[in-house]
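Since the structure comes first, as structure tokens, the remarks are kept for the end.
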Amino acid sequence: MVELVRTNDLVLIGFVQSLLESADIPVLVADSHMSVVEGSIGAFPRRVLVPDRHHMQARRILVEAGLAAELRDG
């Protein structure tokens with residue numbers, strides 16, 4: 001799995017997940033249950049991950065959607 005985005009912005013996560021799933025790219029949002037541990041203060045960002053084989057396609061989709069600044073390097 002490759003990390004594409006790391007953020008506390010739940011709207012951004014939902015948008016990214018929607019874009020990728022509509023392109024039939026499997027998505028895993030990691031650390032989404034950390035809010036229970038942290039008390040919902042937003043201290044731990046969530047990570048959007050995709051399988052290695054979909055990495056470049058997913059990056060391209062997010063760049064075309066204007067989200068290049070949100071991408072993790074790699």
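Just so it is clear, none of the values below were taken in a lab; they were calculated from the coordinates. This structure is a prediction, so every number in the text was calculated from the model and none was measured. Cβ sites come from the backbone with ideal geometry, for glycine too, and all protein chains shown count toward neighbours.
Points to keep in mind about this one:
- The slack between Val11 and Glu64, meaning 0.36 nm per residue of separation minus the straight C-alpha distance, is 17.3 nm.
- By the beta-carbon count within 10 Å of each Cβ, the least crowded to most crowded order of Asp52, Asp73, Asp9, fewest first, is Asp73, Asp52, Asp9.
- Only Lys, Arg (+1) and Asp, Glu (-1) charged, at Cβ; region 2-70 dipole about Cα centre in debye: 100
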